2 protein chains.
Amino acid sequence: MLELRLVQGSLLKKVLESVKDLVNDANFDCSATGFSLQAMDSSHVALVALLLRSEGFEHYRCDRNLSMGMNLNNMAKMLKCAGNDDIVTIKADDGGDTVTFMFESPTQDKIADFEMKLMDIDSEHLGIPEAEFQAIVRMPSAEFARICKDLSSIGDTVVISVTKEGVKFSTRGDIGTANIVCRQNTTVDKPEDATVIEMQEPVSLTFALRYMNSFTKATPLSNQVTISLSSELPVVVEYKVAEMGYIRFYLAPKLEEDDIENQAEARPEVNKKPKEEPIVDAKPISAIKPKLEVKAEDENKPQIESTTAVGSKEEIDLMDDE
Amino acid sequence: MLELRLVQGSLLKKVLESVKDLVNDANFDCSATGFSLQAMDSSHVALVALLLRSEGFEHYRCDRNLSMGMNLNNMAKMLKCAGNDDIVTIKADDGGDTVTFMFESPTQDKIADFEMKLMDIDSEHLGIPEAEFQAIVRMPSAEFARICKDLSSIGDTVVISVTKEGVKFSTRGDIGTANIVCRQNTTVDKPEDATVIEMQEPVSLTFALRYMNSFTKATPLSNQVTISLSSELPVVVEYKVAEMGYIRFYLAPKLEEDDIENQAEARPEVNKKPKEEPIVDAKPISAIKPKLEVKAEDENKPQIESTTAVGSKEEIDLMDDE
DNA sequence: ACTAACCTCC
DNA sequence: GGAGGTTAGT
């Protein structure tokens, strides 16, 4: 038996709006820790990790760990039927093959329930490294979204370069080039307008703007976004979900042209563009995971027991960090 | 060396949004007088003339007159990347084949630079007559836009008739007819709501709504629009650009059906529609230009020295009038 | 040619 | 705040 009551139902609506374009089907994992999801995008290039901690729910009952496969588009359709002020309750029976979403209007005048069939989904639970980053940029999420949108009208990829002075977003396309520099700025009226750069070492990485623009669909969730960068590692674009957790997007950097040229393969084309780097194929996240084993605090936390895929020790990292 | 700093960058954004649908490629002419553009639309039926006077810029440096050929769509794409409050600087080197747009956020936290390749464009600089008009209508630009949009759902052409009582916009289509009369009205709370009619002589002219609707893309630039009419002359639809100049659209009237019937050519078709009157082909503006030579005040103003086309005396009229 | 985002009107 | 239209992008 599962029953999760979320007073701020709009959070779940926003979460789904931000994920449904990237991922078609995914398993929601439910344990005493919280309600979480981890999935690769359909082209296996990007990865999404969501965590909504149990403490964020008004009522959280999860008798037995459950992994519920859902079509996110359909789930989003149902959640769209909830008012923004509605209280949302997610219900499922342990044995059942359906999930029920209940929407209560704030005045209790309207109560709706939507039942959705669950699906069997092969979960590709990956261990996600809790890495040290060379640079972490925190900036207003709307500004980041605007930059990604603007640059994608000029080019397909963005080079994100962090130095002490600030973070630079650059692109190049047929019609010209573009560079946008954001300086660190902590002396702002509202803290959500701050741009903070924590840099251990300068770093410069290239990413596909198409995915960045998908990630920024999560902008309504938080005023701030955190971009964590390290050479060779996937970038982490994180939006906090108020009082509850986070949604994180991972994207492997494209190889710089230099790197491609250094590769042994004979490639006859000249002026070849940097190629997409699928996270799983070229640089599986598990392969670049630092030698970080289960932390002590994990011991007394329940593990995910997936109904469709058995979780390994590694998989727990996703839920227990932070 | 060219460096034009425009504090209200949104003006340039709006200017490009209003021109890019009409004209694909055009030369921007830069002289001590200001930053200007004159171009025919792609089908050579309408003409756009833009002037942003140097005094309107916070900083205006133009060592040598320059004519810069730009793809207006690409330029618009780049300007879209500027925030509405951004300060826009246009930079170009005298010999160079690129132009750079710099956008500074009001707080200086974000600085963007966009570089764009220039093009070689055959400029068809036409002399534009400084005509006397039989009627000049000044009215709220939004109202004019609304009328053109509404009428174009009924018919393809609009007959604009000015009498002492007011201005009438009429159309006729398969589904019926429409007449919209706006009376002169100067007793309004806000001056921008006024409708003012200066009429020497009643006039009635027919225009293609398709172009009128293109012109009204400039509506965001000004609360008021001025429509200047004379028989046989192209209409001038003018929007002032605050503190800086204007954007003017010229469109030759269609021949009335009567006129067509009076023409010698044997045309077998019955119910023939009024034909498009290209400004250059049927009624070249130079041909209908009143015998108005260069005015005295022109003498001490610098002339445009185009790098791709040498300007004639006539061409200067565009920039020096008003 | 279709879809999605934006903007305006109701 | 919702709906519809328009426009831009795929």
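A short reminder: the numbers here are calculations on the coordinates, not readings from a lab. Just so it is clear, the model here is predicted, and its values are computed rather than measured. With ideal geometry, Cβ positions are generated from the backbone for all residues, glycine too; neighbour counts draw on all protein chains shown.
Between B:E3 and B:D120, take the C-beta separation as r, use R0 = 35 Å, and let me know the FRET efficiency to the nearest 0.05.
0.95
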- Filter the GluC sites (Glu not before Pro) in segment B:130-213 to those in DSSP coil with at most 16 other Cβ atoms within 10 Å of their Cβ, and list the result. B:E130, B:E132, B:E165
- Evaluate the Kirkwood expression for the hydrodynamic radius of segment B:1-114, namely the inverse of the mean inverse distance over all pairs of different C-alpha atoms, and round to one decimal in Å. 14.3
- Query: With r defined as the distance between the Cβ atoms of A:D63 and A:V188 and R0 fixed at 56 Å, what FRET efficiency is calculated, to the nearest 0.05?
  - Reply: 0.75
- Message: I'm a student and want to see the number: the projected area of the Cα convex hull of segment A:1-68, averaged over all directions, in nm².
- Response: 4.4
- Message: What does the structure give for A:175-186 when I average, per residue, the other chain Cβ atoms found within 10 Å of the residue Cβ?
- Response: 6
- HN-Hα couplings for segment A:50-56 via Karplus (6.51, -1.76, 1.60; θ = phi - 60°), in whole Hz with x for Gly/Pro, come out as 10, 9, 10, 5, 4, 4, x
- Counting partner chain Cβ atoms within 10 Å of every residue's Cβ in B:112-122, what's the average? 4
- What list of ³J(HN,Hα) couplings, whole Hz, do you get for segment A:216-226 from phi and the Karplus terms 6.51, -1.76, 1.60, once you set θ to phi - 60° and write x for glycine and proline? 6, 4, 7, 3, x, 6, 7, 6, 10, 10, 10
- Item | Pair A:N73, A:D113: separation of 7 Å Cα→Cβ label points (nm) | 2.8
- Give the long-range amide H neighbours of A:S230: residues separated by 5 or more places, or on another chain, with amide H under 5 Å away, using H modelled in the peptide plane at 1.01 Å from N. A:Q134
- Task: Net charge near B:F169: determine it from the other residues with C-beta under 11 Å of the C-beta of B:F169, scoring Lys and Arg +1 and Asp and Glu -1.
- Result: 0
- Anything over 21 Å Cα to Cα? Flag those among B:K13/B:K110; A:K20/A:K110; B:K80/B:K217; A:K13/A:K110; A:K13/A:K217; A:K14/A:K190, in the order listed. A:K20/A:K110; A:K14/A:K190
- Query: How many nm is it between the label spots at B:N84 and B:D97, if each spot is 7 Å from the Cα in line with the beta carbon?
  - Reply: 3.8
- Just order B:121-127, A:117-123 by mean Cβ neighbour count inside 10 Å, highest at the front, would you? B:121-127, A:117-123
- Sorting from shortest, the nanometre distances separating the label point of B:D120 (7 Å past Cα along the line to Cβ) from those of the same residue in the other copies are 6.8
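Can you give the local net charge around A:R61? Use residues other than it whose beta-carbon is closer than 14 angstrom to its beta-carbon, Lys and Arg +1, Asp and Glu -1.
So the surrounding residues net to -3.
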- Descending packing, highest mean Cβ count within 10 Å first, for A:100-108, B:133-141 is B:133-141, A:100-108
- Item | Long-range amide H partners of A:L118 with built H, under 5 Å | A:T98, A:V99
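Taking every residue in B:49-55, how many Cβ atoms of other protein chains lie within 10 Å of its Cβ, on average?
Average per residue, whole number: 0.
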- Count charges around A:C81 for me, please; just the other residues with Cβ under 13 Å from its Cβ, Lys/Arg as +1, Asp/Glu as -1. 0
- Note on the structure: Output row for B:E55: copy-to-copy label distances, label 7 Å along Cα→C-beta, ascending, in nanometres, one decimal, is 6.5
- Item | segment B:154-228: trypsin sites (Lys or Arg not before Pro) falling in loop per DSSP and having at most 14 other Cβ within 10 Å | B:K164
- Residues with amide H under 5 Å of A:G34's amide H, sequence separation 5 or more or different chain, H placed in the peptide plane at 1.01 Å from N; which? A:S54
- Message: Give me the extension gain from B:E143 to B:D174: residue separation times 0.36 nm, minus the current Cα-Cα distance, reported in nm with one decimal.
- Response: 8.7 nm
